[in-house]
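Undergrad: Structure provided below as structure tokens; questions to follow.
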Amino acid sequence: MAVGQPAPLSRDAPIRRRQGAAAMATDYVRFIEGVSKHDVGFAGGKGANLGEMRRANLPVPEAFVVTTKAYTSFAMMHRLDERLRERLEGIDVDDLESLERGARAVRRMVEAGKLPEDVAREVVAAYARLGEECGERKVRVAVRSSATMEDLREASFAGQQVSVLNVRGEAQLLAALRRCWASLYTARATFYRVKRGFGSRPIATAVVVQRQVMSEKAGVGFTIHPTTGDRDRMVIEAVFGQGEEIVSGRIAPDTFVLEKGTGTVLERRIVSKKEMKKARVRGSGLVSAKVPPRLRNRSVLTDAELKALWALGRRLEEHYEFPQDFEWAIEGRTAYLVQTRAVTVTAKGGRNEAVGGVPILSGLGASPGVGSGRVKLVTGQGDFSSVGRGDVLVTRMTTPDFVPLMAKTSAIVTDEGGMTSHAAIVSRELGVPCVVGTSKATAVLKEGMLVSVDGSRGLIFSGRVSQAPRPAPGEGTEVSRRVETKTKVYMNLGVPEKIKDYSKIPFDGIGLMRVEFIIASYIREHPLRLVETRREGVFVDRLAEGIATVAREIRPRPLVVRFSDFKTNEYRELQGGERYEEPESNPMIGWRGVSRYISPDYTEAFRMELRAVRKVREEMGLSNVWVMLPFVRTTWEVERCLRLMEESGLKRGPDFKVWLMAEVPSMVFLAEEFAGLCDGFSVGSNDLTQLTLGIDRDSARLGRMGYFDERNEAVKRAIKMLIEGAHKAGRTVSICGQAPSVYPEFTEYLVSLGIDSVSVNPDSVVKTRELIHALESKGAQRSPV
């Protein structure tokens, strides 16, 4: 069919059932007939989904997968781990030019490396079988990386996975295979994996080898509106020729918005199309070509083609039971599906959230997304009432009493703080864009200025950007079909009411509930003032109701309540606080956590928290509530705290677990001794990092310099020691710091150590669960408990 020629379209390709495909199922090669969505571990995301679509009788071009084991064999043969270290030894990670030179040398090493004979033999044999099935001895193929952690944040290393198109012949195929493997070692990937301590094991990836569709038209489709999150809409984008340019975003496509239920076209956006990409008829690769003048302003797709693609999209979503982002290509009279993956709709939703122009201020991007509004400068509680919904909150640093304001703003900007500061942690939980550590936001940004905040890149721009409206609470929250994992995936929570918005997120429980929000927002007074004025009931009832709100919603899943962990400067902000709190020069390592609970000056206030927990468990019947002690330093203080708990009717038992937060290095060294006093540990990676490396985690300057990093080898070794000691004593280990929410490769490391659970921010639960599922599917080793 000539380019642009309208024609009836078959919705189902003539799928060839490959005879003997099962016989080609080896350690190194699998044809997609023998692959399903559960095989991400050896086939990668692309390969697993191609196999799943083929099983569902959807039109998928013939293909086979070179498995992750083939790459592992190649890496071991060439001692890649050792040679990577040698190549990058002495390179300053801040010297990007040198780092890129080192990474380039590694890529060349991979591209030039000889394949193990058995791998090469099986790949060549599979290629020959593919040619037989397609009726062409040297069939043209597309060779694509298929990462086992594909589409999870940073796991595919910022889109550096490679597709080599229109490959023909055995030599070109093997070269393309090595090129896909080499794409793992970009400068950025190398930075994270080697210089940050994650280069001790090769990163296994699969590669898909698929018959090249010689498409006249191609594009992408979404079975949900990718910008607004509207589940009643389907969006299809189309270009002439090959679809790589649209996927990469280099050319503007025609865009069609359809009603999902009927296929009715609601919107058409037809653009002028001057160039397209076509597969070379002679030779390999793609070539640029001019779109014929008569077609440049004509719709790429006919109504019949739109209807066929709409029908395929519906079948995809019905099969996966979840919205899909799919790539398609039309060859002759057939529309093929060449890739699909789940759509994750986030609070900001859009595909192109980054703001353009020249920024007026920069800092650390702490919570992703883009928010626009009028600046409201807040220097203290006296300014709280001036902040309205949709304003941009600008302040020196937030504290727990800021949370009600933060929840209604369009964005947050602070002078101070790092990636684990209060502003960063809470804004991520609330889904509000945030930039911290700007140093001078309160000086540069003036009251009433209209600004846009890019929380992904840490940039602030003048004026308002065009963006999708911010959804109401709960809309657009990341959801997914549940995938089962051995490692439990818990969620962090601070605002009790938000639990209803997160009801569809597949978490196994709440691994960290912070009570500070309840105290700062609903109680507001210093606990000791309530004791002194004999109004303990106010504290107990309000705290109990806040905890119960969450416990009811998630039962029978566990809710781990962390007792209050305000620092002295934060307690001073509560009403009456100055009377009870002495100023400290370094509150971060001052009178906090268990040391406060057992102090005669504070014990009566702590007893109110204990009464609230007992009320929730006994009077309200919510026995899924457990507790956690924060900032533990010594065994003797834990013993005294447990006695206080028992005096208040809270004793460890089969249905009442007591966890200790592992934030102070002393717990790492004495893990077995502490294990006798608890049922489990939860790593507070923020504090453990600052105390291991001697870094103030709120220091914006040190944060910008790259000092605060939970992936530091010393921190990793500390966590390993803790897990080994805890498991030896038969205790579980979790983690509730920010690291697993931000760095998927850190989660991979934890799973390899056999951690029992991870607790992450709501926006990271689905990604983390999918990552762990992929890791466990490919056989990540777990330590015995």
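The values are calculated or read from the model by the stated rules, or taken from the named source; none is laboratory data. Only a predicted model underlies this, so the values are computations on that prediction, with no experimental measurement involved. Counting neighbours? That spans all protein chains shown, and the Cβs are built from the backbone with ideal geometry, glycine included. What goes into the accessible areas is simple: the full protein's heavy atoms, side chains included, and nothing from ligands, DNA or RNA. Shrake-Rupley method; radii C 1.70, N 1.55, O 1.52, S 1.80 Å.
Undergrad: For the range 560-593: of the residues being closer than 17 Å to Ile519 by Cβ and hydrophobic (A, V, I, L, M, F, W, C), which is modelled with the lowest pLDDT?
TA: Leu574
Undergrad: Within the range 321-375, count every residue that is among the small types (Gly, Ala, Ser), open to solvent by less than 40 Å² (accessible area, probe 1.4 Å) and modelled with pLDDT of 65 or more.
TA: Summing the residues that are among the small types (Gly, Ala, Ser), open to solvent by less than 40 Å² (accessible area, probe 1.4 Å) and modelled with pLDDT of 65 or more in the range 321-375 gives 11.
Undergrad: Regarding Arg428, is this residue part of a strand (DSSP E or B) and basic (Lys, Arg)?
TA: No; evaluated as a whole, the condition is false for this residue.
Undergrad: Give me the residue from the range 524-546 that is acidic (Asp, Glu) and out of contact with any strand residue (DSSP E or B) (no Cβ under 7 Å at 6 or more places or on another chain) and, out of that set, surrounded by the most Cβ atoms within 10 Å (Cβ to Cβ).
TA: Residue satisfying both the conditions and the ranking: Glu536.
Undergrad: Further question on the same structure: List every residue pair whose Cβ atoms sit under 9 Å apart, with the two residues 6 or more apart in sequence or on different chains, where the first one lies in the range 676-690 and is under 19 Å from Thr634 (Cβ atoms) and in contact (Cβ under 8 Å) with a residue 40 or more places away in the chain and the second, anywhere, is basic (Lys, Arg) and in a strand (DSSP E or B).
TA: Going by the 9 Å Cβ cut-off, the qualifying pairs are Ser682/Arg562.
Undergrad: For the range 548-605, which residues satisfy the criterion of being hydrophobic (A, V, I, L, M, F, W, C) and under 18 Å from Asp401 (Cα atoms)?
TA: Phe563, Phe566, Leu574, Met588, listed by residue number.
Undergrad: Identify the single condition in (1) farther than 21 Å from Gly44 by Cα; (2) surrounded by 15 or more Cβ atoms within 10 Å (Cβ to Cβ); (3) at pLDDT 75 or above that Glu100 does not satisfy, given that it satisfies every other one.
TA: (3)
Undergrad: Select from the range 712-750 the residues that are buried (at least 21 other Cβ atoms within 10 Å of the Cβ) and either assigned to a strand (DSSP E or B) or of a type in the set (Val, Ile, Thr) (or both) and write down the one among them that is nearest to the chain's Cα centre (by Cα).
TA: Val742
Undergrad: What number of residues within the range 547-604 are open to solvent by less than 20 Å² (accessible area, probe 1.4 Å), farther than 27 Å from Glu618 by Cα and in contact with a strand residue (DSSP E or B) (Cβ under 9 Å, 6 or more places away or on another chain)?
TA: 2
Undergrad: Among the residues of the range 407-421, is any buried (at least 22 other Cβ atoms within 10 Å of the Cβ), without any contact (Cβ under 8 Å) to a residue 40 or more places away in the chain and outside any loop (DSSP other than H, G, I, E, B)?
TA: Taking every residue of the range 407-421 in turn, none turns out to be buried (at least 22 other Cβ atoms within 10 Å of the Cβ), without any contact (Cβ under 8 Å) to a residue 40 or more places away in the chain and outside any loop (DSSP other than H, G, I, E, B).
Undergrad: What number of residues in the range 247-277 are at pLDDT 90 or above, surrounded by fewer than 13 Cβ atoms within 10 Å (Cβ to Cβ) and small (Gly, Ala, Ser)?
TA: 1
Undergrad: Pull out all pairs, ordered by first then second residue, where Cβ-Cβ is under 8 Å, the residues are six or more apart or on different chains, the first lies in the range 254-276 and is farther than 14 Å from Gly221 by Cα, and the second is surrounded by fewer than 15 Cβ atoms within 10 Å (Cβ to Cβ) and not charged (D, E, K, R).
TA: Pairs that qualify, where the first residue is farther than 14 Å from Gly221 by Cα and the partner is surrounded by fewer than 15 Cβ atoms within 10 Å (Cβ to Cβ) and not charged (D, E, K, R), are Ile270/Asn297; Val271/Ala252; Ser272/Asn297; Lys273/Asn297; Glu275/Ser288; Glu275/Ala289; Met276/Ser288; Met276/Ala289.
Results for (1) on the phi > 0 side of the Ramachandran plot; (2) modelled with pLDDT under 95; (3) out of contact with any helix residue (DSSP H, G or I) (no Cβ under 6 Å at 6 or more places or on another chain), shown as yes or no for each residue.
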{"site": "Asp679", "(1), (2), (3)": "no, no, yes"}
{"site": "Asn686", "(1), (2), (3)": "no, yes, yes"}
{"site": "Arg697", "(1), (2), (3)": "no, yes, no"}
{"site": "Asp709", "(1), (2), (3)": "no, yes, yes"}
{"site": "Glu724", "(1), (2), (3)": "no, no, yes"}
{"site": "Pro740", "(1), (2), (3)": "no, yes, no"}
{"site": "Phe746", "(1), (2), (3)": "no, yes, no"}
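Undergrad: Might you let me know whether the range 633-645 holds any residue that is under 34 Å from the mean Cα position of the chain (by Cα) and either touching a residue at least 60 places away in the same chain (Cβ under 8 Å) or part of a loop (DSSP other than H, G, I, E, B) (or both)?
TA: The answer is yes, given that some residue of the range 633-645 is under 34 Å from the mean Cα position of the chain (by Cα) and either touching a residue at least 60 places away in the same chain (Cβ under 8 Å) or part of a loop (DSSP other than H, G, I, E, B) (or both).
Undergrad: Then there is this: Go through the range 509-534 and give me each residue that's free of Cβ contacts under 8 Å to residues at least 12 places away in the same chain and among the β-branched types (Val, Ile, Thr).
TA: The answer is Thr533, and nothing else.
Undergrad: Right, next: May I ask you to list the residues in the range 507-544 that are of a type in the set (Ser, Thr, Tyr) and either at pLDDT 95 or above or assigned to a helix (DSSP H, G or I) (or both)?
TA: Of the residues in the range 507-544, the ones of a type in the set (Ser, Thr, Tyr) are 521-522, 533.
Ser521, Tyr522 - these are the residues of the range 507-544 that are of a type in the set (Ser, Thr, Tyr) and either at pLDDT 95 or above or assigned to a helix (DSSP H, G or I) (or both).
Undergrad: I'd like to check something: does the range 77-85 contain any residue that is more than 30 Å from Leu295 (Cβ to Cβ), modelled with pLDDT of 85 or more and not hydroxyl-bearing (Ser, Thr, Tyr)?
TA: Within the range 77-85 (the criterion being more than 30 Å from Leu295 (Cβ to Cβ), modelled with pLDDT of 85 or more and not hydroxyl-bearing (Ser, Thr, Tyr)), the answer is yes, since at least one residue qualifies.
Undergrad: Please enumerate the residues belonging to the range 283-320 that are farther than 24 Å from Arg140 by Cα, in contact with a strand residue (DSSP E or B) (Cβ under 6 Å, 6 or more places away or on another chain) and open to solvent by 40 Å² or more (accessible area, probe 1.4 Å).
TA: Answer for the range 283-320, where residues must be farther than 24 Å from Arg140 by Cα, in contact with a strand residue (DSSP E or B) (Cβ under 6 Å, 6 or more places away or on another chain) and open to solvent by 40 Å² or more (accessible area, probe 1.4 Å): just Glu317.
Undergrad: Hey, does the range 649-669 have a residue that's over 26 Å from the mean Cα position of the chain (by Cα) and among the polar types (S, T, N, Q)?
TA: yes
Undergrad: Counting just the residues of the range 278-317 that are touching a helix residue (DSSP H, G or I) at 6+ places or on another chain (Cβ under 8 Å) and over 17 Å from Thr334 (Cβ atoms), which one comes out modelled with the highest pLDDT?
TA: Filtering first and then ranking leaves Leu286.
Yes or no, residue by residue, for (1) touching a Ser or Thr at 6+ places or on another chain (Cβ under 8 Å); (2) at pLDDT below 75:
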| site | (1), (2) |
| --- | --- |
| Ser10 | yes, yes |
| Arg17 | no, yes |
| Ala25 | no, yes |
| His38 | yes, no |
| Gly44 | yes, no |
| Arg54 | no, no |
| Pro59 | yes, no |
| Glu62 | no, no |
